[in-house]
1. Name the residue that is nearest to E247 (Cα to Cα), counting only residues in region 187-226 that are among the hydrophobic types (A, V, I, L, M, F, W, C) and exposed (fewer than 12 other Cβ atoms within 10 Å of the Cβ).
2. What pairs come out if I take residues in region 237-256 that are farther than 28 Å from G176 by Cβ and pair them with residues that are surrounded by 12 or more Cβ atoms within 10 Å (Cβ to Cβ) whose C-beta lies under 6 Å away, six or more apart or interchain?
3. Only one of (1) in contact with a strand residue (DSSP E or B) (Cβ under 8 Å, 6 or more places away or on another chain); (2) exposed (fewer than 14 other Cβ atoms within 10 Å of the Cβ); (3) touching a residue at least 60 places away in the same chain (Cβ under 8 Å) is not met by P144, so which one is it?
4. Can you pull out the residues in region 90-108 that are at pLDDT 95 or above and in a helix (DSSP H, G or I)?
5. Does region 235-255 contain any residue that is of a type outside the set (A, V, I, L, M), out of contact with any His (no Cβ under 8 Å at 6 or more places or on another chain) and surrounded by 14 or more Cβ atoms within 10 Å (Cβ to Cβ)?
6. Which condition does A19 not pass, out of (1) outside any helix (DSSP H, G or I); (2) surrounded by 18 or more Cβ atoms within 10 Å (Cβ to Cβ), if it passes all the others?
Amino acid sequence: MTIKGKTVGFVGAGNMGEALIKGLLAANRVPAEAIFATDVRQERLKDLDRQYGIQVAAGNGELVRRADVVILAVKPQIMDDVLKEIAPAVTRRKLLISIAAGVSTPRLRAGLGKDVRLIRVMPNTPALVLEGVTAIAKAEGLEPGDLDVAGEIFSAVGRVVVLGEDLLDAVTGLSGSGPAYVAVVIESLADGGVKMGLDRVTAMTLATQTVLGAAKLLLETGLHPGALKDMVSSPGGTTIAGLAALEEGGIRTAFIKAVERATQRSRELGRGPG
């Protein structure tokens with residue numbers, strides 16, 4: 001089964017919804033006339049219609065009725081209300097994909113109150129520039145090819161990994177929240193450059209390109225991060241002095257704790273209100 005010839009609906013048209021629309025169109029996987037969207041912000045829908053030529057549905061129920069694949073792109077805090085609203089229109093003919101952090105498959109199924117084809121995924125914000133990474137959770141009750149359809153959709157905005165749903169909270173803590181961690185790294189590096197006399201624009205350019213280049217080097221060569229660190233660290237040199245300062249500040253523990261805390265918060269959100 002492929003996405004070709006299917007209609008795709010977005011319940012919620014925020015940044016991630018727009019990224020997916022942009023990616024699907026750029027990859028020629030779904031035509032604009034086969035993409036539907038709803039959002040509480042009417043101006044937002046008008047902007048997307050003008051920019052991409054997609055279809056604006058009158059409401060969430062209508063969108064579900066018209067779409068073969070429904071992507072639930074709303075905040076976890078309002079997911080229960082959305083599920084109640086769309087439940088009457090949901091049938092086994094629809095493939096539902098949720099990108100809401102922490103909202104488990106059992107909770108989604110309970111909110112719909114029926115047997116559905118349902119996949120949970122966890123994308124991240126670099127999808128906005130087609131450089132994201134999305135974890136797709138294997139699930140029961142799917143039709144053959146459903147995971148392939150999800151893979152086609154999300155590979156349009158970056159890389160895809162498939163794993164068990166029990167690991168999605170950890171994915172949320174790592175790659176879901178990770179862009180914010182990396183932003184702090186870049187900002188801190190730039191601040192260091194400014195402290196040492198660089199102007200802000202130059203410092204930011206150096207910091208962002210260094211992070212981008214290092215990441216690309218690791219991805220394309222398969223080099224272990226420790227090996228890259230050793231390559232740059234000369235005995236008694238500048239890099240090892242800087243690394244020692246990072247170790248004094250407990251940088252490794254700080255990042256590990258950040259992933260742990262974000263994972264815990266994802267689990268809390270998954271339990272729902274109350």
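The values are calculated or read from the model by the stated rules, or taken from the named source; none is laboratory data. Every value quoted in this text rests on a predicted model; they were computed, and no experiment measured them. In this analysis, Cβ positions are derived from the backbone assuming ideal geometry, glycine residues included, and neighbour counts consider all displayed protein chains.
1. Going through the qualifying residues, I end up with M196.
2. T239/V232; T239/S233; I240/S233
3. The number of the failed condition is (1).
4. Listed by number, the list is empty, since nothing qualifies.
5. Yes.
6. (1)
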